[in-house]
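In what follows, a single structure is set out as structure tokens and then discussed.
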Amino acid sequence: MRKKGRMISVLAAGAVSFAALGSISAEAASFDAFERIEAEDYTAMEGIEIETLDSGGKDVGYIQNGDYIVFSDVDFGDGAKSVSARVGSPDGGCKAEFWIDSLTGTQIGFVAVPSTGAFQTFKDVSANVSGAVGQHDLYIKFTGGSSYLMNIDSFVFSKQKASGDMSAYIKLGDLDGDGCITGGDLSLAKKGAIKGFSDKKVQKAADVDFSGTVDRADIEWFVKYLTAQTKEFPERVTPPKGELRTISEYTPVVEEQMIMMEPNDSHSLHAGVPDRTITKETYFSKKANKQKPYNIMLPADYDESQEYPVLYILHGFFENEDRMIKTGNNPPIRTKEIICNAIAAGEAEEMIVVVPWVFTHPTKQDATSFQDYESSVGYDNFVDDIVDSLMPHIESKYSVATGRENTAVTGFSMGGRESLRIGMKYADHFAYVGAICPAPGVEGPWSWGSEEAAPSLIMLTGGTNDDVVGLNTPQGYHDNFVKAGTPHVWHVVQGGYHGDNCITAHIYNFVRAIFKA
């Protein structure tokens, strides 16, 4: 391990050394906050090294807790509202704090750094800032655990607020956001359990068993963790089921509002309907033992003080997390427009939409063949992965209304097969289940022990021109539900092929039916 220097180094031409951590000499170079600044172009530093990138260029690396870099005379003009930093970290859980004038001056904001998989695997993370007006010396201080934290390639400020503010995220168990779980987090959890929490994000971080409340079970986990009795979060507690209409009560309600195909004008945003940003993030999959990507679409006016239901949409074989919300057969697919229009018209509930990469395998990087057994396993593993890893991640990071009454899943082709399997196995987590041109391979049961135990909605969509799974595969699932006496919506798209026109017809109907039972 290299010995890290602790001496301040001034690099700018003509700049002079300084002993105190105050303002830097006015002779140093100045920077425009709204033009991307390369991290290695710092004016001064403590404890870091410049590193050559595998892809070419340079970055700042070998960063440990308390290290910092300084940029003299950064011009923020009439004010910055957000910052975006290009960072890499194998473990995440650390922060890059932005201070002006000195390390004890004014903190204008910070970006929380997620795991990107490796130090030189970079990701742009954004956060809102405040108080950055005029010209200042800018200090970037790095905080986190005891090992090397991260690399930083570049950063840039913006006059617009961030659409994906990572500073809103507090890692599960890490209530004070310092990147590690300590006695301070236990104290905050105890205090909140007794007196209540003023910050919803902190409350979510303290609810380590996802029971919906911070109680004795959560406090006991903190104690066991800090005394090295455990390193695993406790078993997830399923919150009590909300009041829902049963599948027999709700299915005919949905059937009455069904249409075969969506109107053409739903493919573009109607006048006055706000657009939404689709952001790519990652989560750690226990099943795959690695980071996996997902796309997320938040409400246009996403507000941490509100809680939103979540729709999970799953892609098919040989596809990825972009297919169902970005690319489609003939890019772009109109999932976003259909959902935004429905919400704006009051025909669908406001919601968070999550589109993950479904393939989940510890050794295979992707599916290789329909005939390859391990490729199928990679898809089937997602049935547990969504509950064990993805949902806890989403619920800890975003303002989510939990409980099955606030959770829906649907999917296309192989994703449809998995959404049906998810609904069969985890009806206590999902009240709304859909499948579009689902692939073969779903086995029963096709009913549940009681109406109350079943989802409130099952919607199957098939296309008459499907030349991959045919109409007969979803028709077979429909027949199995009929034989079992399980009410469900059977939706046939005349002329529907194995692709976008069945998907958009299904999404149009499905989003109008979920979160309303």
TODO: With the condition kept exactly as written, say whether any residue in segment 128-135 is open to solvent by 10 Å² or more (accessible area, probe 1.4 Å), under 24 Å from Ile278 (Cα atoms) and not in a strand (DSSP E or B).
DONE: yes
Open item on the list: Quick check on Glu255: is it without any contact (Cβ under 8 Å) to a residue 60 or more places away in the chain, open to solvent by 80 Å² or more (accessible area, probe 1.4 Å) and of a type in the set (Asp, Glu)?
Closed with: no
- [ ] Within segment 194-220, track down each residue that is assigned to a loop (DSSP other than H, G, I, E, B), in contact (Cβ under 8 Å) with a residue 12 or more places away in the chain and among the small types (Gly, Ala, Ser).
- [x] Ser211, Gly212
Open item on the list: Just to check your reading of the model, which residue among Gly61, Gly109, Gly79 is surrounded by fewer than 18 Cβ atoms within 10 Å (Cβ to Cβ), out of contact with any Gly (no Cβ under 8 Å at 6 or more places or on another chain) and over 19 Å from Lys292 (Cα atoms)?
Closed with: Gly79
TODO: Please find, within segment 476-507, the residue that is nearest to Pro332 (Cα to Cα) out of those that are touching an Asp or Glu at 6+ places or on another chain (Cβ under 7 Å) and among the β-branched types (Val, Ile, Thr).
DONE: Thr504
Task: Listing of strands (runs of 3 or more DSSP E) fully contained in segment 273-383 that carry 2 or more residues being open to solvent by less than 20 Å² (accessible area, probe 1.4 Å) and of a type outside the set (Val, Ile, Thr) - done: 278-285, 290-297, 310-314
TODO: Give the residue, chosen from Ala205, Ala189, that is at pLDDT below 90 and of a type in the set (Gly, Ala, Ser).
DONE: Ala205
Open item on the list: Condition first: in a helix (DSSP H, G or I) and open to solvent by less than 10 Å² (accessible area, probe 1.4 Å). Now tell me which residues in segment 391-407 satisfy that.
Closed with: Met391, Ile394
TODO: Please determine, by comparing only the residues of segment 155-165 that are out of contact with any Phe, Trp or Tyr (no Cβ under 9 Å at 6 or more places or on another chain) and open to solvent by less than 30 Å² (accessible area, probe 1.4 Å), which one is modelled with the lowest pLDDT.
DONE: Gly164
- [ ] Go through (1) under 21 Å from the mean Cα position of the chain (by Cα); (2) part of a helix (DSSP H, G or I); (3) over 30 Å from Arg404 (Cβ atoms); (4) not aromatic (Phe, Trp, Tyr) and name the single condition Lys191 misses.
- [x] (1)
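Yes or no, residue by residue, for (1) in contact with a helix residue (DSSP H, G or I) (Cβ under 7 Å, 6 or more places away or on another chain); (2) modelled with pLDDT of 90 or more; (3) over 15 Å from His429 (Cα atoms):
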site: Tyr225; (1), (2), (3): no, yes, yes
site: Val237; (1), (2), (3): no, no, no
site: Gly242; (1), (2), (3): yes, no, no
site: Arg245; (1), (2), (3): no, yes, yes
site: Glu249; (1), (2), (3): no, yes, yes
site: Glu255; (1), (2), (3): no, yes, yes
site: Met258; (1), (2), (3): yes, yes, yes
- [ ] For segment 429-453, name all the residues that are touching a residue at least 60 places away in the same chain (Cβ under 8 Å) and buried (at least 22 other Cβ atoms within 10 Å of the Cβ).
- [x] Ala431, Tyr432, Gly434, Ile436, Cys437, Ala439
Task: Residue under evaluation Ile386, criteria (1) surrounded by fewer than 19 Cβ atoms within 10 Å (Cβ to Cβ); (2) under 17 Å from the mean Cα position of the chain (by Cα); (3) modelled with pLDDT of 95 or more; (4) not hydroxyl-bearing (Ser, Thr, Tyr), criterion not met - done: (1)
Task: Residues within segment 489-503 that are in a helix (DSSP H, G or I) and open to solvent by less than 10 Å² (accessible area, probe 1.4 Å), tallied - done: 2
Open item on the list: For segment 35-58, give me each residue that is small (Gly, Ala, Ser), exposed (fewer than 15 other Cβ atoms within 10 Å of the Cβ) and assigned to a strand (DSSP E or B).
Closed with: none
TODO: Just give me the residues in segment 482-508 being out of contact with any Ser or Thr (no Cβ under 8 Å at 6 or more places or on another chain) and under 20 Å from Ala431 (Cβ atoms), in sequence order.
DONE: Trp490
Task: Residue check, Thr410 open to solvent by 20 Å² or more (accessible area, probe 1.4 Å), not aliphatic (A, V, I, L, M) and not in a helix (DSSP H, G or I) - done: no
- [ ] Select from segment 459-488 the residues that are assigned to a loop (DSSP other than H, G, I, E, B) and open to solvent by less than 30 Å² (accessible area, probe 1.4 Å) and write down the one among them that is farthest from Ser447 (Cα to Cα).
- [x] Asp466
Open item on the list: So for segment 95-104 (the condition being more than 21 Å from Glu40 (Cβ to Cβ), outside any strand (DSSP E or B) and open to solvent by less than 30 Å² (accessible area, probe 1.4 Å)), does at least one residue qualify?
Closed with: yes
TODO: Kindly establish whether His429 is under 21 Å from the mean Cα position of the chain (by Cα), under 14 Å from Tyr312 (Cα atoms) and in a loop (DSSP other than H, G, I, E, B).
DONE: yes
Task: Pairs with Cβ under 8 Å, 6+ apart, first in segment 374-388 and more than 15 Å from Val442 (Cβ to Cβ), second of a type in the set (A, V, I, L, M, F, W, C) and surrounded by fewer than 22 Cβ atoms within 10 Å (Cβ to Cβ) - done: Ser375/Phe317; Ser375/Ala367; Gly378/Ala367; Asn381/Ala288; Asp385/Ala288
- [ ] Output yes when any residue across segment 448-465 is within 26 Å of the chain's Cα centre (by Cα) and among the β-branched types (Val, Ile, Thr), and no when none is.
- [x] yes
Task: Cross-chain or 6+ apart pairs with Cβ under 9 Å, segment 168-193 first and among the hydroxyl-bearing types (Ser, Thr, Tyr), then open to solvent by 40 Å² or more (accessible area, probe 1.4 Å) and modelled with pLDDT of 85 or more - done: Thr182/Leu226
TODO: Of the conditions (1) closer than 30 Å to Asp174 by Cα; (2) small (Gly, Ala, Ser); (3) modelled with pLDDT of 95 or more, Ala454 clears all except one; give me its number.
DONE: (1)
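The values are calculated or read from the model by the stated rules, or taken from the named source; none is laboratory data. Remember, predicted model here, so these are calculated numbers, not experimental data. Methodologically, a virtual Cβ is constructed for each residue, glycine included, from the backbone with ideal geometry; neighbour enumeration extends over all protein chains shown. Each accessible area value is taken on the protein alone, full model and side chains, heavy atoms only, with ligands, DNA and RNA left out. Shrake-Rupley method; radii C 1.70, N 1.55, O 1.52, S 1.80 Å.
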